[in-house]
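Here is the structure we will look at, set down as structure tokens.
The values are calculated or read from the model by the stated rules, or taken from the named source; none is laboratory data. Quick caveat: nothing in here was measured; it's all calculated off a predicted structure. Virtual Cβ from ideal backbone geometry, glycine too; neighbours counted across all protein chains shown. Quick note on the areas: whole protein, heavy atoms, side chains included, nothing else; ligands and nucleic acids left out. Shrake-Rupley method; radii C 1.70, N 1.55, O 1.52, S 1.80 Å.
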Amino acid sequence: MDNQLKKEIEAVVGKLNSITLLPNQGCTSSVQQITTGRNKFLLKTSYKEKYREWLKSEAEVLKKLASHTEIPVPTYYGNIEEADRSHLIMSFEAGMTLTSALKIADTTTEKKALMKGSGELLQKLHETKPIDLFNHRGDWLDNQLVMADRYLEMGEADGNAALLNKLKSTKPIPVNQTIIHGDCTADNVLVVDGKVQMFIDVAGMTIGDPRYDESLAISRFIDNEVLIKSFYEGYTRYKVSKEEYSYFDEGLYEFF
């Protein structure tokens, strides 16, 4: 870490005692734990234009949610923009992702409880009264398809033009939009003391189609009937059809 960046970080959190690169790194940013005395913070850094945009969006979401504790997310402390990279400083939350928790769970009973808990947490989010701070224009899906076009042109998408054209021509029947996470995979849900308690990586949190969250939440377990059943014991408001799941997880998500 260069001296100028260190000074800017210390202006936000105080004198740094240590900086540690965390073992589990994401695909969109590098993640470090920084400490100041007894306090711990998380420093996320992104370099690519696409991921810098996402990091900026995450900073904006966390700032907006600072006074809305009904949605459990990390605490925002600051963001720093440099010519070739962007940084976000937030609270360091003890715990592990749902992905990791399921891997180390000793019994099927523990895994079922985790999946049910993830369903309950997502249902609580989708049933939270829309907050004015999530200003949005038009239909969320339409906006996502426009963004998918952009990412495809940039060469920053796994999907192709044929898939995108299919998504545009086969949009599912609209449903009432709710607050959504926007990238609700098992990697973006935090388990603390054995319970599913918090959302992380919230750059896409907005008003949108809840079926997208639901589809991503069950994606890694779609062939495990036991875990899917447990998820829906917690998430009881709606169950996506096979067609809806395919559209959102196997289709739209290919561009994000």
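Yes/no matrix, rows are residues, columns are (1) assigned to a loop (DSSP other than H, G, I, E, B); (2) crowded, with 18+ Cβ neighbours inside 10 Å:
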position: Gly182; (1), (2): yes, yes
position: Tyr212; (1), (2): no, yes
position: Leu227; (1), (2): no, yes
position: Ser230; (1), (2): no, yes
position: Glu244; (1), (2): no, yes
position: Asp249; (1), (2): no, yes
position: Glu254; (1), (2): no, no
* Asked: Being hydroxyl-bearing (Ser, Thr, Tyr), touching a residue at least 24 places away in the same chain (Cβ under 8 Å) and closer than 21 Å to Leu62 by Cβ, is that true of even one residue in the range 233-240?
  -> no
* Mind checking which pairs have a first residue in the range 126-153 that is polar (S, T, N, Q) and a second that is open to solvent by less than 20 Å² (accessible area, probe 1.4 Å), Cβ under 7 Å, 6 or more apart or different chains? -> Thr128/Ile71; Thr128/Ile179; Gln144/Leu252
* To do: Spot the failing condition for Ile222; the list is (1) surrounded by fewer than 16 Cβ atoms within 10 Å (Cβ to Cβ); (2) among the hydrophobic types (A, V, I, L, M, F, W, C); (3) over 21 Å from the mean Cα position of the chain (by Cα), and only one is missed.
  => (3)
* To do: Could you give me the residue pairs with C-beta distances under 6 Å whose first residue belongs to the range 243-256 and is closer than 10 Å to Gln144 by Cβ, whose second residue is surrounded by fewer than 19 Cβ atoms within 10 Å (Cβ to Cβ) wherever it lies, and which are 6+ apart or on separate chains?
  => Phe255/Tyr151
* Looking only at residues in the range 30-76 that are open to solvent by 70 Å² or more (accessible area, probe 1.4 Å) and part of a strand (DSSP E or B), which one is modelled with the highest pLDDT? -> Lys40
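Listed residues Asp158, Asp187; which is of a type in the set (D, E, K, R), more than 18 Å from the chain's Cα centre (by Cα) and open to solvent by 50 Å² or more (accessible area, probe 1.4 Å)?
Details: Asp187 fails: more than 18 Å from the chain's Cα centre (by Cα).
From the options Asp158, Asp187, the qualifying one is Asp158.
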